[in-house]
Amino acid sequence: MSHEIAQLLEFQSIDHRLTEASERIKRLQRDRVRYEDKVVESKQSFAKKKEDLTHLEHDSLMKNLEVDELDANIRKYQHRLDTGIISFKEMEDLRAKIISERKRISEMEDEALQMMDTIVQDKEALAAAETALEQRLAELQDTLNEIDDQLRQTADSISELRDQRAALSDLMSEFLHSQYESLHKKFSDPIAAISHTTCSGCKLKLSGSTIERARGSLGIVACEHCSRILYIE
Ligand SMILES: [Zn+2]
């Protein structure tokens, strides 16, 4: 294999590694976004539980206040019954009101008790959820840190590869370099091996003379179909 072909293959290998590295960066960035979304989702789900509990506590307080209000009403009716000079009709009305308010109080007290039970259970569940959230966030942060490390490492290797590429292109003849660059715009593999009698790039059959010229040491030979630079393995 000629020195020039060896240089070109090295150049191509650097370009392959550069492509792999930039794909890796894209993949890592996508992963990063996915894990950041998970952080947001975990926090939101916990915040929702906390908010639900706050609403329940508020409802419970309101219910207790309502019970107190009904209780005050009953007292007021009772006082009027005990001390007021009222008609028989009014007395019947007040008694009926007292009975219905008492019934309502008893129902509401049951509801209030149930609510308070639920609040106790929800508070326990929320404390457990908070512990789980902290653990989850720590795990996610570890993963994010790992991704950031990999991103830094990949960015470092990209800049190393670019340096290598620049150094190698300085060593190559300008003609060879520009030929490679123009082929590289079209193909990820501008340098193709001759496999049996075909170009391994475009898979088309090569003429005998092309193969002969590639075997010899008379400079660079291009595929007659795709223009890739050919070499014998
Ligand atoms: Zn070809």
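The values are calculated or read from the model by the stated rules, or taken from the named source; none is laboratory data. Computed from a predicted model, the values in this text were never measured in an experiment. For neighbour counting, all protein chains shown are included, and Cβ atoms are generated from backbone atoms with ideal geometry for every residue, glycine included. The protein model used for the area step is the full one, side chains on, heavy atoms only, and it has no ligands, DNA or RNA in it. Shrake-Rupley method; radii C 1.70, N 1.55, O 1.52, S 1.80 Å.
For the chain, DSSP calls about 60 percent of its internal beta bridges antiparallel.
When +1 charges are put on Lys and Arg Cβ atoms and -1 charges on Asp and Glu Cβ atoms, the dipole computed for the stretch 81-184 relative to its Cα centre reaches about 560 debye. Could you tell me which residue out of 199, 230, 179 lies farthest along the dipole of the stretch 173-233 toward its positive end? Charges go on the beta carbon: Lys and Arg +1, Asp and Glu -1, centred on the Cα centre. It is 199, whose Cα lies furthest towards the positive end. Proximity of backbone amide H atoms, modeled 1.01 Å from N, is registered between residue 221 and 230 at under 5 Å, excluding neighbours fewer than 5 places apart on the same chain.
Computed with a 1.4 Å probe over protein heavy atoms only, the accessible surface of the stretch 23-168 comes to 72 Å² per residue.
I'd like the carbon and sulfur percentage of the solvent accessible area for the stretch 173-233, probe radius 1.4 Å, heavy atoms only, ligands and nucleic acids excluded. Carbon and sulfur: 54 percent of the exposed surface of the stretch 173-233.
Computed over the chain, relative contact order equals 28 percent, with contacts defined as Cα pairs under 8 Å that lie 6+ residues apart.
Kindly express, to the nearest 10 degrees and within the range 0 to 90, the angle between helix 3-83's C-alpha long axis and the longest C-alpha principal axis of the chain. Tilt of helix 3-83: around 0 degrees.
Note on the stretch 23-168: with neighbouring protein chains present and a 1.4 Å probe, carbon and sulfur make up 51 percent of its accessible heavy-atom surface. Rolling a 1.4 Å probe over the heavy atoms of the protein chains gives the stretch 173-233 an accessible area of 58 Å² per residue. About the centre of its Cα atoms, the chain shows a dipole size close to 1040 debye [charges on the beta carbon of Lys, Arg (+1) and Asp, Glu (-1) only; nearest 20 debye].
Its Cα centre serving as origin, the stretch 173-233 has a Cβ charge dipole (Lys and Arg +1, Asp and Glu -1) of approximately 200 debye. From the Kirkwood radius over Cα pairs of the stretch 173-233, Stokes-Einstein at 4 °C and 1.567 mPa s returns a whole-number translational diffusion coefficient of 112 µm²/s. With θ taken as phi - 60° and the Karplus curve 6.51 cos²θ - 1.76 cosθ + 1.60 applied, the whole-hertz 3J(HN,Hα) list for the stretch 207-212 is 6, x, 5, 4, 5, 4 Hz, x standing for glycine and proline. Between the listed residues 28, 138, 209, the Cα displaced farthest toward the positive end of the dipole of the chain, a dipole computed from Cβ unit charges relative to the Cα centre, is found at 209.
Loop-resident chymotrypsin sites (Phe, Trp or Tyr not before Pro) (DSSP state other than H, G, I, E or B) in the stretch 164-233 with no more than 16 further Cβ atoms inside 10 Å of their Cβ: 187. For the residue pairs 49/103; 63/123; 76/103, alpha carbon separations beyond 23 Å are given by 49/103. Using Cα atoms only, what is the angle between the long axis of helix 174-186 and the major principal axis of the chain, expressed in degrees (0 to 90) to the nearest 10? The helix 174-186 is inclined about 40 degrees to the chain. For the chain, the longest principal axis of the C-alpha atoms and the axis of helix 88-171 are separated by about 10°. Amide H contacts for residue 86 (H built 1.01 Å from N in the peptide plane; partners 5 or more residues away or on another chain; cut-off under 5 Å): none found.
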